[in-house]
1. Being assigned to a helix (DSSP H, G or I), away from ligand 2 (no atom under 16 Å from the Cβ) and buried (at least 22 other Cβ atoms within 10 Å of the Cβ) is the filter here; which residues of the range 148-183 pass it?
2. Any idea which of (1) more than 13 Å from ligand 1 (Cβ to nearest atom); (2) farther than 17 Å from TRP46 by Cβ is the one TYR290 doesn't satisfy?
3. Quick one: is VAL302 touching a Ser or Thr at 6+ places or on another chain (Cβ under 8 Å) and touching a residue at least 40 places away in the same chain (Cβ under 8 Å)?
4. Taking ALA43, is it among the aliphatic types (A, V, I, L, M), more than 14 Å from ligand 2 (Cβ to nearest atom), in contact with a Leu (Cβ under 7 Å, 6 or more places away or on another chain) and at pLDDT 95 or above?
5. Out of LEU62, LEU28, LEU56, report the one residue that is within 16 Å of ligand 2 (Cβ to nearest atom) and at pLDDT 95 or above.
6. List the residue pairs whose Cβ atoms are under 7 Å apart, where the first residue sits in the range 204-231 and is more than 14 Å from GLU253 (Cβ to Cβ), the second is more than 16 Å from ligand 1 (Cβ to nearest atom) and of a type in the set (Asp, Glu), and the two are 6 or more positions apart or on different chains.
7. Please go through the range 184-201 and pick out each residue that is more than 16 Å from ligand 2 (Cβ to nearest atom) and either in contact with a strand residue (DSSP E or B) (Cβ under 8 Å, 6 or more places away or on another chain) or part of a loop (DSSP other than H, G, I, E, B) (or both).
Amino acid sequence: MAFLFLSTFHETQEWIDAFRQVAPGLDLRIYPDMGDTDDIDFAVAWRPPQGVFARLPRLKVLHSLGAGVESMINDPTLGPDVTVCRVVEDRLTLGMSEYVLLHVLRYHRRLDELMANQKAKAWTFFPPAYTPATTVGIMGLGRLGIDAGEKLAALGFRVVGWSQTEKQVRGIESYAGPGQLDDFLRVCDMLVCLLPLTPETTGILNRRTLGLLKPGAYLINAGRGGQLVDADLLALLDEGHVAAATLDVFHQEPLPQDNPFWSHPRITITPHNASDSLPLPVAKSIMEQYERFKAGRPLQNVVDRTKGY
Ligand code: NDP
Ligand code: OXD
């Protein structure tokens, strides 16, 4: 039995150290030095190289180092019987809620305008917006979306959420399924996307859907870049239908230098750092999963590969 660390992400050393610290005796293989791949039954991965699973014939469990799994389950070389798990971790959830609150509050309290006024030495009074009159919509009411929604509701925002299945969460009005998407969008002053990337959510932030938001709405996308049709956002910003957008995730990461988003005055770019998990607690929880696997016990946070998340 061997355990593979499989990542093409640059900041890997901290993660490798964490696994070594948590499980000093582990037969830890580090991609690309995989040794005899017939030994490898469990792998942890983040942005694995496409096609690599063809070289792992005995792989039984593939554990993501993050919440999203699209970079691995879309690889056709991943065997259909491999169990895929994802990270669910408090720090990841809290970090995302911080990010959502930061940008919602920034737009809500017109921080950019205040800063521009200060730069111009202009004492321009305007009253703060009335919070309960502002509706924040959250696409994806999973681990991340529910926490962010609850925190926004605690601040007094009207919070609506959209998911596949109906939810009963205090402070969040639930809309579910494609049939209620338009009604959900129509009430939003701000839209926060925390959806996983699946065939159904690819391109879901487009001219039609964003066009249903209230005029002058704000968009915050921390789900995946593939959910946004970039040209549609640019057009809606030009037309003023979308007032501004904060984007953490992109079709191509790092965002290419010539991408027009970089210099757009009403787009804020963050480098896919809305949230992150801490190596040590994640390594500990993944090693618990490994122990479960070795003992033949059911794993936790298993991805439904038919749904894609
Ligand atoms: P979960 O799996 O817990 O939640 C996903 C939510 O999306 C669920 O509520 C699900 O509905 C809903 N959903 C999925 N597909 C659809 C659909 N077709 N229509 C409507 N609702 C849908 O995931 P997490 O909350 O843990 O993470 C969400 C995503 O956030 C990740 O997949 C990743 O892409 C992104 N992420 C980004 C990070 C960043 O730093 N930018 C960090 C971490 C995650 P239902 O509950 O009914 O099944
Ligand atoms: C994740 C991410 O999915 O960081 O965890 O995007």
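1. Selection gives GLY149, LEU152.
2. (2)
3. Values: touching a Ser or Thr at 6+ places or on another chain (Cβ under 8 Å): yes; touching a residue at least 40 places away in the same chain (Cβ under 8 Å): yes.
For VAL302, the condition - touching a Ser or Thr at 6+ places or on another chain (Cβ under 8 Å) and touching a residue at least 40 places away in the same chain (Cβ under 8 Å) - is met.
4. Values: among the aliphatic types (A, V, I, L, M): yes; more than 14 Å from ligand 2 (Cβ to nearest atom): yes; in contact with a Leu (Cβ under 7 Å, 6 or more places away or on another chain): yes; at pLDDT 95 or above: yes.
So ALA43 fits the description; yes.
5. On the way: LEU28 fails: within 16 Å of ligand 2 (Cβ to nearest atom); LEU56 fails: within 16 Å of ligand 2 (Cβ to nearest atom).
Within the list LEU62, LEU28, LEU56, the selection yields LEU62.
6. Close Cβ pairs (under 7 Å, with a partner that is more than 16 Å from ligand 1 (Cβ to nearest atom) and of a type in the set (Asp, Glu)) amount to ASN206/ASP232; ARG207/ASP232; LEU210/ASP232; LYS214/ASP189; ALA217/ASP189.
7. Step one: of the range 184-201, the residues more than 16 Å from ligand 2 (Cβ to nearest atom) are 184-191, 199-200.
Across the range 184-201, the qualifying residues are PHE184, LEU185, VAL187, CYS188, ASP189, MET190, LEU191, PRO199, GLU200.
Conditions (1) assigned to a helix (DSSP H, G or I); (2) within 30 Å of GLY145 (Cβ to Cβ); (3) in contact (Cβ under 8 Å) with a residue 40 or more places away in the chain; (4) of a type outside the set (Ser, Thr, Tyr), marked per residue:
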| residue | (1), (2), (3), (4) |
| --- | --- |
| ASP17 | yes, no, yes, yes |
| ASP75 | no, yes, no, yes |
| VAL87 | no, yes, yes, yes |
| LEU102 | yes, yes, no, yes |
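The values are calculated or read from the model by the stated rules, or taken from the named source; none is laboratory data. None of the values given here were measured: they were computed from a predicted structure. Glycine also receives a Cβ, built like all others from the backbone with ideal geometry; neighbour counts cover every protein chain displayed.
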